[in-house]
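Asks: Got a structure for you, written out below as structure tokens; questions coming shortly.
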Amino acid sequence: MNRHLISSGSPYEPIIGFSRAVRVGNLISVSGTTAASGGKPVAVGDAAAQTRAILETIAGALAQAGASVKHVVRTRIYLANISDFDAVGRVHGEVFGEIRPANTTFQVAAFPNPDWLVEIEADAVIDEGAD
């Protein structure tokens, strides 16, 4: 099977050894994504706005891999503070309300940047013949 790597352009990709997303066959996995632009956090202090930015980035990575959010079968949401669960969940629902992928949401001890409030991963499955 071909392995297609989608880069975010992050300088950490070659250092850590990761890609924004990877497509193998009909499976696409999108790495944990935070709300950053040019390496700097966006929407500092606003978990809902960070979630919107993250989901836009994920949608872009999926598009580069030949998919869209409608192909997402699982998301994982990591929160710096579980009290943001409702706000983040509402934004997740704006995108995935009818798609309804499997989801796990939990609080983590910390992110590498203290301004990151949310990180999201996504897995998608597309028709084997789609490109």
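The values are calculated or read from the model by the stated rules, or taken from the named source; none is laboratory data. Keep in mind the model is a prediction, meaning the values are calculated, not measured. Heads up, the Cβs are rebuilt from the backbone with ideal geometry, glycines too, and the neighbour counts pull from every protein chain shown.
Asks: Within the set of pairs 6 or more residues apart or between chains, which connect a residue that is closer than 16 Å to Gln50 by Cα inside the stretch 92-103 to a residue that is of a type in the set (A, V, I, L, M, F, W, C) with Cβ atoms less than 6 Å apart?
Replies: What qualifies is Val95/Leu55; Val95/Val69.
Asks: Being more than 14 Å from the chain's Cα centre (by Cα) and crowded, with 20+ Cβ neighbours inside 10 Å is true for just one of Asp84, Asp46, Asp115. Which residue is that? Reasoning before the result, please.
Replies: Details: Asp46 fails: crowded, with 20+ Cβ neighbours inside 10 Å; Asp115 fails: crowded, with 20+ Cβ neighbours inside 10 Å.
Only one candidate passes the filter, namely Asp84.
Asks: Continuing with this model, one more query. What strands (runs of 3 or more DSSP E), lying completely within the stretch 1-114, carry at least 3 residues that are of a type in the set (Val, Ile, Thr)? Reasoning before the result, please.
Replies: Numbers: elements: 3-6, 21-24, 27-33, 72-79, 102-107.
Of the strands (runs of 3 or more DSSP E) lying wholly inside the stretch 1-114, those with at least 3 residues that are of a type in the set (Val, Ile, Thr) span 27-33, 72-79.
Asks: Identify, please: which residue in the stretch 118-131 is surrounded by fewer than 18 Cβ atoms within 10 Å (Cβ to Cβ) and outside any strand (DSSP E or B) and is, among those, modelled with the highest pLDDT?
Replies: Asp127
Asks: Then there is this: Sort through Arg20, Arg100 and tell me the only one that's closer than 24 Å to Ile6 by Cα and basic (Lys, Arg).
Replies: Values: Arg100 fails: closer than 24 Å to Ile6 by Cα.
Among Arg20, Arg100, only Arg20 is closer than 24 Å to Ile6 by Cα and basic (Lys, Arg).
Asks: Which is among the polar types (S, T, N, Q) and either in contact with a strand residue (DSSP E or B) (Cβ under 6 Å, 6 or more places away or on another chain) or within 22 Å of Arg23 (Cα to Cα) (or both), of Ser83, Ser68, Ser37?
Replies: The conditions single out Ser68.
Asks: Follow-up question, since we're still on this one. Name the pairs whose Cβ atoms lie under 9 Å apart, with the first residue in the stretch 1-16 and exposed (fewer than 10 other Cβ atoms within 10 Å of the Cβ), the second among the basic types (Lys, Arg), and 6 or more positions between them or separate chains?
Replies: From residues that are exposed (fewer than 10 other Cβ atoms within 10 Å of the Cβ), the pairs are Asn2/Arg23; Arg3/Arg23; Gly9/Arg20.
Asks: Looking at Ala43, Ala35 in this structure, which one is modelled with pLDDT under 95 and within 11 Å of Ile120 (Cβ to Cβ)?
Replies: One residue alone meets the criteria, Ala35.
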